[in-house]
Structures are given as C-alpha cells and as structure tokens.
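The values are calculated or read from the model by the stated rules, or taken from the named source; none is laboratory data. Computed from a prediction, not measured in an experiment: that's the story for all the values here. Reconstructed Cβ throughout: ideal geometry from the backbone, glycine too, with neighbour counts over all protein chains shown.
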Amino acid sequence: MSDRQDLLGSLLPITRALRTIEDEAAAEHGITMWQYAILAVTAQRPDLNQGDVARLLEYSKNRIVGDIDHLEESGLLQRTAGNDRRANLLTITRAGRSVLRDVQAEVHRREDLLLAGLSPTARAQFSRQARRLGEQVRAARHA
C-alpha cells in the first residue's frame with residue numbers, strides 16, 4: 001500500500017471549505033453560490049443566453065431558470081429576447097455588478113484567511129497551479 005493519498009482525499013476538505021465560503025458570502029447578499037456564478041459569467045461574457053451560461057457552468061438548464069428569475073426579480077440581471085425567441089440574452093445590471101464585486105471581495109477575504117497558514121509564495125504557487133490544472137481539465141473535456 002502506498003503512502004500517497006488520493007487527490008480527492010487531499011482536496012475534499014479544501015473544496016468543502018471553498019464551497020462554504022462562497023455559499024455564505026453569496027447568502028449575505030440574498031443570493032446563492034450558483035446565482036453568484038451566473039452573475040460572474042454574465043459579467044465576463046456579455047450577451048450570453050441562459051443555455052450558454054448553463055453549459056459554461058455545467059449547471060442544469062432547468063434549474064438555472066429559477067436562479068435567473070430570482071436575479072431578474074432582484075434587479076441584478078436582465079433578460080432580453082435574442083434573435084431566437086427561445087434564447088433570452090442575459091445582461092448583468094449595475095446593481096448586479098455591485099453585488100458581484102461585494103460577494104467576490106468577501107470570498108477573496110475568506111480565501112485569504114483559509115490560506116493564511118501558507119507563505120505568500122506558497123499561496124501564489126497554489127493559486128497558479130490550481131488555475132493551470134483547472135484550465136487543463138476544462139480543455140481536455142472540450143477536446
């Protein structure tokens with residue numbers, strides 16, 4: 001038997017902590033972690049339709065409708081008819097950008113606390129390597 005621990009076993013407590021961080025930071029602003037992710041995607045890539053956003057987030061096309069309804073009712077997101085009447089385009093509003101910035105700032109503050117036991121160099125390396133691995137995994141899925 002190897003002394004090496006499976007990656008999932010190593011990463012699971014970290015991913016659970018990160019999920020809690022996002023859940024709690026989003027909840028402080030009356031949204032869910034998924035709604036925060038929807039705002040982030042629509043801010044980065046304007047004029048996507050809800051199907052595009054669901055695909056990018058790998059989120060249920062059925063469940064995203066309720067989240068978009070909530071964001072629109074809260075004035076954080078706007079739906080407009082696209083060229084195809086079935087494909088509503090999503091645009092983040094000024095209020096949505098403000099909530100996105102506030103949630104992201106709180107997420108980053110809490111991530112910094114989570115990583116406080118690492119040196120600044122180790123934190124930067126960890127973030128860089130996690131981003132690189134994430135990009136590789138996404139690229140392999142779409143290849």
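Yes or no, residue by residue, for (1) buried (at least 19 other Cβ atoms within 10 Å of the Cβ); (2) closer than 21 Å to Leu133 by Cβ:
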| position | (1), (2) |
| --- | --- |
| Ile31 | yes, no |
| Glu58 | no, yes |
| Ile68 | yes, no |
| Asp84 | no, no |
| Gln104 | no, no |
Is it the case that Arg19 is outside any helix (DSSP H, G or I) and basic (Lys, Arg)?
no
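So that you can scan it fast, the table gives a plain yes or no per residue for (1) surrounded by 17 or more Cβ atoms within 10 Å (Cβ to Cβ); (2) without any contact (Cβ under 8 Å) to a residue 24 or more places away in the chain; (3) closer than 22 Å to His142 by Cβ; (4) in contact with a helix residue (DSSP H, G or I) (Cβ under 9 Å, 6 or more places away or on another chain):
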residue: Glu22; (1), (2), (3), (4): yes, no, no, yes
residue: Trp34; (1), (2), (3), (4): yes, no, yes, yes
residue: Leu100; (1), (2), (3), (4): yes, no, no, yes
residue: Leu114; (1), (2), (3), (4): no, no, no, yes
Count of the range 56-83 residues which are outside any helix (DSSP H, G or I) and in contact (Cβ under 8 Å) with a residue 24 or more places away in the chain
6
Answer yes or no: is there a residue in the range 84-92 that is modelled with pLDDT of 95 or more, of a type in the set (A, V, I, L, M, F, W, C) and not in a strand (DSSP E or B).
no
Checking the structure you have, find out if any residue of the range 102-117 is in contact with a Phe, Trp or Tyr (Cβ under 7 Å, 6 or more places away or on another chain), under 18 Å from Gln44 (Cα atoms) and not in a loop (DSSP other than H, G, I, E, B).
yes
Which residue out of Asp6, Asp52, Asp23 is modelled with pLDDT under 95 and closer than 30 Å to Leu115 by Cβ?
Asp6
Residues Arg110, Arg132: which one is surrounded by 16 or more Cβ atoms within 10 Å (Cβ to Cβ), charged (D, E, K, R), at pLDDT 95 or above and under 27 Å from Ala17 (Cβ atoms)?
Arg110
